[in-house]
1. What is the spread of the Cα atoms of the stretch 257-364 along each of their three principal axes, largest first, in whole Å?
2. Dimensions of the chain along principal axes (Cα, Å, largest first)?
3. State in Å² the accessible area per residue of the stretch 9-141; use a 1.4 Å probe, count heavy atoms of protein chains only, and round to the nearest integer.
4. Could you give the length gained on full extension between HIS264 and GLU336, defined as 0.36 nm per residue of separation minus the Cα-Cα distance, in nm?
5. Could you list, bin by bin from short to long, the percent of Cα-Cα pairs of the stretch 9-141 in 5 Å steps?
6. Report, in listed order, any pair from LYS32/LYS220; LYS130/LYS433; LYS32/LYS130; LYS150/LYS249; LYS150/LYS506 with a Cα-Cα distance greater than 27 Å.
7. With axes computed from alpha carbons, what is the tilt in degrees of helix 9-27 against the longest principal axis of the chain, rounded to the nearest 10 within 0 to 90?
8. Using θ = phi - 60° and the Karplus curve 6.51 cos²θ - 1.76 cosθ + 1.60, what whole-Hz ³J(HN,Hα) does each residue of the stretch 71-85 get, with Gly and Pro shown as x?
Amino acid sequence: MENLTARTPEMEDALHAIERLVLFALRKGLIKEADYDYSRNLLLEDLGFSEPYNGQVNEEILDGPQSQLDILIDYAAANGMIAENTDTYRDLLDAKMMGRLMARPSEVVRAFSQTEQIQGIEAATNDFYKLCIDSNYIRMDRVAKNEYWKHPSAYGDIEITINLSKPEKSPKEIAMAKLLPPPVYPKCQLCRENVGYAGRVNHPARQNLRVIPLELNKEKWFFQYSPYVYYNEHCIVFQHDHVPMKLTKDTLARLLGFVNAYPHYFLGSNADLPIVGGSILTHDHFQGGRHTFPIQNAPKVAEFKNEVYPDVSVSIVNWPMSVIRLSSKDSGMLLECANHIYESWKSYSDPSADIEADSKVDGQWVRHNTVTPIARRNAEGIYEMDLVLRNNRTNDEYPEGIFHPHREMHHIKKENIGLIEVMGLAILPGRLKVELDQISDILSGDDALYEAVQSEGHALAIHRDWIEQLKERTGATITKGEAVDLIRSEVGGIFTTILEQAGVYKHTAEGREAFCRFLESTGYSAV
């Protein structure tokens, strides 16, 4: 405990920050009046104080808790209360302190249910989303740093983001994490056991995480928001138990069940195979939210019908990837139609279009065809489902994946094309913020940096060929602003090309004919 007779200015600042933080929590509804002294005392204990601030408290309304948390974490770091003053260790303490200022999970669930019953599901999600922001579970200060722009393309505007909301670990922390045993508890970052978990160097703290139980297809699931919110109200719906992703008719039923209960949100699933799937295939989950993605605005280019499903509209849309759009007022019939197309695609091969449903790997037959399904309700309440056809084959020319970002694109993006990017929102690595800015410096006349890039090991070396192409295209030196605009346009074009590479049917006469051939093989005829 501190020496009460010799408080330093740093101590006084920390004690004052505690008072402002507790007041913030009260004003935002994170705690009640009866929790005020209790919450203060928990924070005093965390930081080694035995008595609170006794001066005049600044009661100016705070936009968020981060400014006061930073004061407290700086104090903790200066006094050896965290292992190192890095983002990882700061975040561990950040979540712990905000967890002190929140209702218990059961109370949050009860409040959500009461709001849903009285005001409706949209009001309930509004309040819950606000709670996740106010509690600093969603770090809006980091989200605000993300780069964002739109790129006009032949398929409509494509959204481009450079993600800066997910903190990067230091080389030392990465090395430390490699020395730790495989995680046993929680088994992954999606497990329900994360609620209230203190975290460690290789697992984020989640004391300020709250989740809402829900039922999908008569099974137990949970609803939460993503801490990184790649788009508005970015939510995650995950299985009660740690079970691997498996895309079946039940999956499609869960998606439709969710948008029936949460009609203001979409919900989609990553594909269930490596290369074309998401980053976590070990725990069944979906992603959703309240955002109009570019794919939703893609117009129909061909329409089909099937007498078995007369009330379902089936169409191919103008999108860089291969998308079949289903729509109907009857969610049950739409489910049957979607499952029929999915099951047909799983076993469909067309060697002339480079489509092979399976192949032998080490003596075992391995399936390659799957889909990325996305469900939503349109403005009229009609159910819509996009089935994006996927294939995860590799060959000697494309060892990372035939329908995957090709190597000439890897300087911008080499990761899997998952659900969010399928819908037209690029999530590009944070390194690009600095790298693209430096490339704009080169194009606007920084000859010293251009010369430095020629040396091996330079951070911009992966862009060397691209830089040469840009310099050749621009000719004379251009202004910094012109360079930034050019680079953004180029990156947008590259991402659009990546989506085209991920499409199993190409935008050629042959590709369109092959796409139609698949639908015709499953009993659909052109309208």
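1. Largest first, the stretch 257-364 extends 46, 35, 26 Å along its Cα principal axes.
2. Principal-axis extents of the chain (Cα, largest first): 84, 64, 47 Å.
3. Here the residues of the stretch 9-141 average 49 Å² of exposed surface.
4. Net length gain for the segment: 23.6 nm.
5. Whole-percent P(r) values from 0 Å outward: 2, 10, 20, 22, 19, 13, 7, 4, 2, 1.
6. Result: LYS32/LYS220; LYS130/LYS433; LYS150/LYS249 exceed 27 Å.
7. Between helix and principal axis, roughly 60 degrees.
8. 4, 5, 6, 4, 5, 4, 5, 5, 10, x, 8, 10, 4, 8, 8
The values are calculated or read from the model by the stated rules, or taken from the named source; none is laboratory data. All values reported here derive from a predicted model rather than from experimental measurement. When we count neighbours, we look across all protein chains shown, and the Cβ atoms used for this are built from the backbone with ideal geometry, even at glycine. Accessible surface is based on the protein model in full, side chains and every heavy atom, while ligands, DNA and RNA are left aside. Shrake-Rupley method; radii C 1.70, N 1.55, O 1.52, S 1.80 Å.
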